Amino acid sequence: MDFSKLKKQVILKGGKILDPIENTIKKSDLVLEDGKIKALGKFNSNKSAHLIDCKGLIITHGFCDLHAHFREPGREDKETLESGSMAALAGGFTRVCVMPNTNPPIDSPEVIRYIVDRSEECPIYIHPIGAITKGQEGNELTEMGTMLSEGAVAFSDDGLPVTNSAIMRNALEYGTMFDIPIINHAEDLCLKQDAVMHEGKVSTHLGLPSSPDLTESNMVHRDLSLTDLTGGRLHVPHVSSSKSLDHIRIAKRKNDKVTAEVTPHHLFFTDNDLQKFDTNLKVAPPIRTTSDQKALIKALKDGTLDCIATDHAPHTIEEKEGTFDLAPFGMIGLESCFGAVNKVLVKENNLDQLDLIQMLTTRPRKIMGFNDNLLDIGVNAELTIIDPNEEWIFSRADIQSKSYNSPFIGQNMYGRVKYTICKDHISVI
Amino acid sequence: MKHRHLLGLKDYPAEDIKSIIDTAFTFKEVLERPIKKVPSLNGKTIVNLFFENSTRTRISFELAQKRLSADTVNFSASTSSLKKGETFKDTAQNLEAMKIDAVVMRHPTPGAPLHLTKYIDAIIINAGDGTHEHPTQAILDMTSLHEKFGYLKGLKVAIIGDISHSRVALSNIYGLKTMGAEITLCGPATLIPPFVEDLGVNVNYNVDEVIEWADALNVLRIQRERMGGGLLPSIREYRNLFGITRERLSQHNKELVIMHPGPMNRGVEIDSSVADSDQAIILNQVLNGVASRMAILYLLLGGKSEGGKD
């Protein structure tokens, strides 16, 4: 990936502009000046401008990821805000919300401020998600109001579910004052026990400790009920099971404050792919069955799921090359996201290209309250340029993250991010 | 042999299982001789890599290796550098560097032997990986059944006890199904894995019905640590519902072969009066264990291997 400062004037020539707010795709050139959108229309190149040939390419909003782990502070050997930013740019993401399971956790206004200040130097926009409870311990609420004024955009205890229903109720209730999403990693840890994969036919063959889909859906159901009770805003992260979708679908009929995301890996893989005991596929919630996979695709189409989020979770090779029981949960996902979801959804399941782009741009942005139109004249350029039809194989060389725990390595991809423009810089991928 | 390693019996070819069993019978004759040693694996080096305690399986392998004149080294996790934080990968690569021919590995994690194949060129034999597979045990069980009945196709075998946590059960199911036997699982519902029907077996919670049906019972060890973990109420309850007792067997007027992979919890899953009776072939299983492991080592390391790939 080549990363450099934008020239004073740049002409994106011959591409199609996909506007996910106006729901339009039209042929147009686009001129950038001083890192801002200057004009749309038809333009001829001039000597001083940097011309980028966008023939056959789609120019759209920069992608937004609601769920990533940049490991800073505490595990800078896995990822930093800088390296995570480069991974994001390689995947077409210009805006990323980072989870608070750092060391120390992002559970105070001071740590929020630290992330916000550090992000100023980074080539993308990074928004911290604060912890719901102090130390992510599930006992005491954090100073949400003060954290919001320092730059938090949502609250989550991330990988640690809020098991105490009273605390979850309080979080949702307290959150109503600020109208921000509360995100709860939905897993019933009592039912999960020592499970490392989905309980199904495949786990019976592999002998790996497993837990059923109810492990997720029971807690999703509880959270939806508490949302109903409190009038709070709930965002359900990385939905993996058909049963959870049933609950979300019903809840959404009467409650427009419920939103939900799905990851590329839950769309792309099934538990059958675990036959080789690849630790890169060990993730929480676990990869589930073919019928869950189909249900997730359907749920994106019917609006039960709002958006795609990567749950980019870097781990060191040392941790992942051990045996299955010892490997930590999680995989990276920013760089491989578009090629994977475009293949599954657009190529294989006839989703409209425009819908997919909305799931990566306007829909996640709306959940976090980022509502500006990135194609308006005068705004800072935050654009992603894709080739929707390129067939390629994802490889280690495509990874910008400090870690490379990706089961997508070696997988066929369809559609590829070619350029990402953000903060007056351009990444050529 | 189709596969270079013996990692499990899932998708293991029937003709290879047959050929191991036939070879085991040949080696059993050797074991009956006054001089019980043959030079078949002279010059081969085998490491017994045990990350989990085992006495019987390790001794059985070691004896099989010595009877075949192989050089053997034992490595067990309690005496190893693993406690010093050495990784699985380092251990594997160190072994590889020492130019060995085969590794017999026991490990508490499912998939660990397959994982080892990524780091090592030697032939890998799985001596039990967590709750996944224990293929050499299943092969010795099949050798014992074949010896007793003369056939496996159509044989009715019941596996009784903790199926969920049993690598013996899973490998027996794969192997016996491949060889055409019928299988019924019997045990507490909390110890029968979900989706077990996908393995092509029957489940019956009534042990008396199962005894009526079966030609042979393979009785599995009930680990005391399962008690009180919410899976089993008590040993007394288990004995009442599933224990293979003399009283229970005497209510059934039939010939029945009793097997147990050991170690037995006498008085829990099986009574001494049953374990020590003529209908039990438990000690014969032990001898067949050595013969079967000799057969496996010989076929994979020395004998008729066609250099198959995995």
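Let me confirm something: among B:Leu231, B:Leu185, which residue is modelled with pLDDT under 95 and within 14 Å of another protein chain (Cβ to nearest Cβ)? Walk me through how you get there before you give the answer.
Values: B:Leu185 fails: modelled with pLDDT under 95.
Just one listed residue meets the conditions, B:Leu231.
Select from region B:101-115 the residues that are among the small types (Gly, Ala, Ser), within 11 Å of chain A (Cβ to nearest Cβ) and on the phi < 0 side of the Ramachandran plot and list them in ascending order. Scanning region B:101-115 gives a single hit, B:Ala112. Report yes if some residue within region A:242-258 is among the polar types (S, T, N, Q), surrounded by 23 or more Cβ atoms within 10 Å (Cβ to Cβ) and in the same structural domain as A:Leu300 (by TED's automatic domain parsing); otherwise report no. Yes, that holds for at least one residue. Any residue that is closer than 23 Å to B:Asp22 by Cβ, touching a helix residue (DSSP H, G or I) at 6+ places or on another chain (Cβ under 9 Å) and surrounded by 15 or more Cβ atoms within 10 Å (Cβ to Cβ) - is there at least one of those in region B:164-171? The answer is yes, given that some residue of region B:164-171 is closer than 23 Å to B:Asp22 by Cβ, touching a helix residue (DSSP H, G or I) at 6+ places or on another chain (Cβ under 9 Å) and surrounded by 15 or more Cβ atoms within 10 Å (Cβ to Cβ). Here A:Ile167 does not fit the description of being among the aliphatic types (A, V, I, L, M) and assigned to a loop (DSSP other than H, G, I, E, B).
Search region A:309-342 for residues being of a type outside the set (A, V, I, L, M) and under 23 Å from A:Ile21 (Cα atoms), and hand back the single one that is nearest to the chain's Cα centre (by Cα).
Taking region A:309-342 as the starting set, the residues that turn out to be of a type outside the set (A, V, I, L, M) are A:310-312, A:314-316, A:318-325, A:328-330, A:333, A:335-339, A:342.
With the extra rule that they be under 23 Å from A:Ile21 (Cα atoms), the set shrinks to A:310, A:337-339, A:342.
Values: A:Thr310: 3, A:Cys337: 9, A:Phe338: 11, A:Gly339: 14, A:Asn342: 15 Å.
The residue in question is A:Thr310.
In region B:155-174, is there at least one residue being within 14 Å of another protein chain (Cβ to nearest Cβ), modelled with pLDDT under 95 and at positive phi? Within region B:155-174 (the criterion being within 14 Å of another protein chain (Cβ to nearest Cβ), modelled with pLDDT under 95 and at positive phi), the answer is no, since none of the residues qualifies. Within region A:291-318, if we keep just the residues that are surrounded by fewer than 18 Cβ atoms within 10 Å (Cβ to Cβ) and over 30 Å from A:Ile250 (Cα atoms), the residue that is farthest from the other protein chains (Cβ to nearest Cβ) turns out to be A:Thr316.
Taking into account only those residues within region B:116-136 that are part of a helix (DSSP H, G or I) and crowded, with 24+ Cβ neighbours inside 10 Å, which is farthest from the other protein chains (Cβ to nearest Cβ)? So that I can check it myself, show each step before the final result.
Within region B:116-136, the first condition is being part of a helix (DSSP H, G or I), and the residues that meet it are B:116-117, B:135-136.
In the following step, the residues that additionally are crowded, with 24+ Cβ neighbours inside 10 Å were identified as B:116, B:135-136.
Working: B:Leu116: 9, B:Pro135: 12, B:Thr136: 16 Å.
Across region B:116-136, the extreme among qualifying residues is B:Thr136.
Set side by side, the residues A:Arg118, A:Arg75, A:Arg71 differ, and just one is surrounded by 24 or more Cβ atoms within 10 Å (Cβ to Cβ) and farther than 23 Å from A:Lys366 by Cα, which is A:Arg71.
So how many residues does region A:38-57 have that are assigned to a strand (DSSP E or B) and buried (at least 21 other Cβ atoms within 10 Å of the Cβ)?
Quick first cut of region A:38-57, residues assigned to a strand (DSSP E or B) only: A:38-41, A:50-53.
With the extra rule that they be buried (at least 21 other Cβ atoms within 10 Å of the Cβ), the set shrinks to A:52.
The total comes to 1.
For region A:206-246, filtered to residues that are in contact with a Ser or Thr (Cβ under 6 Å, 6 or more places away or on another chain) and of a type outside the set (Gly, Ala, Ser), the residue that is nearest to the other protein chains (Cβ to nearest Cβ) is A:Asp213.
Identify, from the list A:Gly333, A:Gly410, A:Gly378, the residue that is in a loop (DSSP other than H, G, I, E, B), surrounded by 18 or more Cβ atoms within 10 Å (Cβ to Cβ) and of a type in the set (Gly, Ala, Ser). Only one candidate passes the filter, namely A:Gly333.
Has region A:300-308 got at least one residue that is in the same structural domain as A:Glu76 (by TED's automatic domain parsing), of a type in the set (S, T, N, Q), within 16 Å of the chain's Cα centre (by Cα) and farther than 30 Å from A:Gly74 by Cα? Even if it seems obvious, please write down each step before you answer.
Keep residues of region A:300-308 that are in the same structural domain as A:Glu76 (by TED's automatic domain parsing), which gives A:300-308.
Then keep just the ones that are of a type in the set (S, T, N, Q); that gives A:304.
If we keep only those that are within 16 Å of the chain's Cα centre (by Cα) too, we end up with none.
No, that holds for no residue.
Annotation note: of B:Glu225, B:Glu269, the sole residue that is under 28 Å from B:Ile139 (Cβ atoms), at pLDDT below 90 and acidic (Asp, Glu) is B:Glu225.
The values are calculated or read from the model by the stated rules, or taken from the named source; none is laboratory data. Note that this is a predicted model, so its numbers are computed, not measured. All Cβ positions, even for glycine, are placed from backbone atoms using ideal geometry, and neighbour counts span all protein chains on display.
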